[in-house]
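Worksheet: the structure to be examined is printed underneath.
The values are calculated or read from the model by the stated rules, or taken from the named source; none is laboratory data. Please read these numbers as outputs of a predicted model, since none were measured by experiment. Positions of Cβ are generated from backbone atoms using ideal geometry, with glycine treated the same way; all protein chains shown enter the neighbour counts.
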Amino acid sequence: MHVLFVAPHFPSYQRHFVRAMHSVGARVTGIGEAHPSQLDDELKSWLHGYEQVPSVVDEGALYDAVRRCQKREWVDRLECTIEAHIITTAKVREATRIPGPSLQSAMLCRDKPMMKEFLRKHDIPCAQSTGVDSLEEGLAFARRVGFPLIVKPRAGAGASGTTRVDEEQHLVQTLREMNVGRGASVALEEFIEGHEGFYDTLSINGRPVFEFVSHYYPNVLDAMRNRWITPYIVSTNRIDASGYDELKAMGRKVIEVMELGTTATHMEWFYGPKGLKFSEIGSRPPGVGQWDVYADGNDIDIYREWANAVVHGRVERRPSRRFASGIIALRPDRDGRIRGYEGIDEVQRRFGQYICRAHLPPAGWPTQPIEAGYMANAWIQMRHPDYDTMREIFEVIGRTVKVRAG
């Protein structure tokens, strides 16, 4: 099989998809923005060919690169794994008649109001939502639904650009800051109270063959807005417990009705006083190194299994569920440059056997804003046989480790 893969060079984890496809026997041609001389020898050894383009989100440039490949030899698949590349890749896939997730499915995954409207028609429980192009539309929705509300980009990922508003003045201010009324359009949603997590799959022909459930502590919006919080994510190894049956049924139905085919998926959800609610889905792997967390917890090379799904329509191994696994973000106490760490030696002494990998930038390293996510600064990925103990360890680390900056 000949697979075209968008952006094989950057971010750095993209190389794992190339490695995996090469390892299962695919010929992989990369399409990326980097000059060929910027590709290291190992990455080059996995590539069958490479096409440089000015931008991978330039539809015309990507189309031309794909057509050049098709003129040389048959192309079976055109794949991408980054949220920002999904729409462009789907458009080119459709224009060049290459099998894979459709443009309609890609549009539904990217446009949040369209996504929720579609899923409500298929009896998937969602927050009330709408697309807003004017202040008047935003105020009308607020008066009908009530506060608090969530304002977010129509095609955003995760909590990026997301704001909670609690009254009309704040709503108007936020919409103006996002240029609503001056050509911009945003998603406006009912605020759903409850615990937040995500349901991820590797699906073949619309049927999940791998399923993972992870929990945010605390919810993302709180975590990304408060420096004093040390947030963490834990992926459960109890996914077969009956308490997850409703979530898995909802997730499987979403994948089926959206006709997502053979792809990785990442679905956010809430559970609270109003019951289980769908939040959003992407036809891509999750971010924040979560696939590495799943690999650690389940004794699999998840990138290779993704490649098996794409190339051969099957997987070789099943998740072991031996460990709960997760990541904890260690925030600097202020913006600036890293000065040092407190408590790391104690964490290593007490919990070192459970640490899979860690990133502790050295003194002098510039900090990143906390809004940049769980892997923006220091972090630790871990695993433990017991989910509750994994949570307790993360709570201890959150109280023990201090990242000093100045």
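For the reader, a short list of remarks on this structure follows.
- The residue list I380, I338, I370 contains one member that is surrounded by 19 or more Cβ atoms within 10 Å (Cβ to Cβ), closer than 23 Å to V396 by Cβ and without any contact (Cβ under 8 Å) to a residue 60 or more places away in the chain, which is I380.
- Selection status of A249, modelled with pLDDT of 95 or more and touching a Lys or Arg at 6+ places or on another chain (Cβ under 7 Å): no
- If you go through region 282-318 and keep only what is assigned to a loop (DSSP other than H, G, I, E, B), out of contact with any Asp or Glu (no Cβ under 8 Å at 6 or more places or on another chain), within 23 Å of P385 (Cβ to Cβ) and not acidic (D, E), you end up with V288, G289, I300, R318.
- Enumeration of residues in region 319-347 that are among the aliphatic types (A, V, I, L, M) and in a helix (DSSP H, G or I): I344, V347
- Filter result for the condition that a residue is at pLDDT below 90, outside the structural domain of G275 (by TED's automatic domain parsing) and among the acidic types (D, E), over D111, D123: D111
- Lone qualifier among Y294, Y303 - being surrounded by 19 or more Cβ atoms within 10 Å (Cβ to Cβ), farther than 25 Å from L221 by Cα, at pLDDT 95 or above and of a type in the set (S, T, Y): Y303
- For region 241-252, the count of residues that are among the polar types (S, T, N, Q), more than 30 Å from I98 (Cβ to Cβ) and surrounded by fewer than 17 Cβ atoms within 10 Å (Cβ to Cβ) is at least one.
- Residues of region 62-90 that are farther than 28 Å from P286 by Cβ and either touching a Leu at 6+ places or on another chain (Cβ under 7 Å) or not polar (S, T, N, Q) (or both): Y63, D64, R67, R68, C69, K71, R72, E73, W74.
- Put simply, of R238, R284 the only residue that is surrounded by 17 or more Cβ atoms within 10 Å (Cβ to Cβ) and assigned by TED's automatic domain parsing to the domain that holds D335 is R284.
- Leading residue by the ranking (modelled with the highest pLDDT) among those in region 80-105 that are surrounded by fewer than 18 Cβ atoms within 10 Å (Cβ to Cβ) and of a type in the set (S, T, Y): T96
- Just so you know, in region 139-181 the residues that are at pLDDT 90 or above and assigned to a loop (DSSP other than H, G, I, E, B) include one that is nearest to G373 (Cα to Cα), and it is M178.
- Check on R350, over 16 Å from P231 (Cα atoms), assigned to a loop (DSSP other than H, G, I, E, B) and of a type in the set (D, E, K, R): no
- Residue count, region 365-384 (criterion: closer than 17 Å to S214 by Cβ and not basic (K, R)): 8
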